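Working notes, structure below.
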Amino acid sequence: MPKPHTFPTLYDEVKTLSIAFLKTYKYLEPDGFKGGSVIWSRNGEQSGNISIKVNTYHENPYLELVYSCNKIPINYIVPLVSLPSNLGKGVVWFFVCPLTGKRCKKLYLVDRYFYHRSAFKGCMYEKQTQSKKSRELDKILGGYFGTDKLYDQLYKKHFKKQYAGKPTKKYLQLKRQLMFAESIPARTIERLLIR
């Protein structure tokens, strides 16, 4: 009898719900009630969908999820909580995980329910499954081969290089990454690729 697989479930590959998504589609407007659906697709084919309802009207705002998993109908509520922004403008929204009670900005669907990532055992991010050599290659060559994206960000139409006469943190970060990528000797790249 073969040994059962021990491949971990990857958080990068499971379905997620995020506060950013809800904000983008205006589900978190103050004193509102909005319903809709979320559709996931992979390679152009639909891989899942759920109905959602967000209520921010009363003292206990919530997100209601209605979907089926393996032909079993599932309907439950995920509490929402808002805190004042540390910038003094508006509020910051969080989910409250129905299982762990932790505040979070992203929920993951691993078994049948959307929970905070700490609720699942044996799950990992893809980066955690890579070998030491792969991580080293990615660290060095990722910067080298990803310079096109860095230049694209640097020269975007409305990218701010300075604010109040000082360089922005994002601009300085991009410059450091570009300088690092350009300083990698060709011999190092050859040595890493041949190993």
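The values are calculated or read from the model by the stated rules, or taken from the named source; none is laboratory data. Since we're looking at a predicted model, the values are computed, not measured. Heads up, the Cβs are rebuilt from the backbone with ideal geometry, glycines too, and the neighbour counts pull from every protein chain shown. For the accessible areas, the whole protein counts, side chains as well, though only heavy atoms, and no ligand, DNA or RNA atoms are used. Shrake-Rupley method; radii C 1.70, N 1.55, O 1.52, S 1.80 Å.
Results, tabulated for the structure shown:
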item	result
Helical mean residue ellipticity (222 nm; -39500 (n - 2.57) per DSSP H run of 4+; nearest 500) of the chain	-7500 deg cm²/dmol
Under 5 Å, built H, 5+ apart or other chain: amide partners of Thr9	Met124
For the chain: accessible area per residue (Å², 1.4 Å)	73 Å²
Long-range amide H partners of Ile74 with built H, under 5 Å	Tyr67, Ser68, Cys69
Inter-label distance, nm, simple model (7 Å from Cα along the C-beta direction), Ser47/Lys105	2.3 nm
Whole-percent carbon and sulfur share, accessible surface of the range 1-149, 1.4 Å	51 percent
With all protein chains modelled, accessible area of Asp152 [1.4 Å, Å²]	100 Å²
Percentage relative contact order, the range 44-95, counting C-alpha pairs under 8 Å, at least six apart	23 percent
Label point distance in nm, Ser18-Ile77, each placed 7 Å from Cα along Cα→Cβ	2.7 nm
Dimensionless Rg over Rh [the chain; C-alpha; Kirkwood]	1.05
Peptide ranges 64-76, 157-169 listed from the most packed, as the mean C-beta count within 10 angstrom indicates	64-76, 157-169
Average Cα contact separation per residue, the chain, under 8 Å, 6 or more apart, as relative contact order %	15 percent
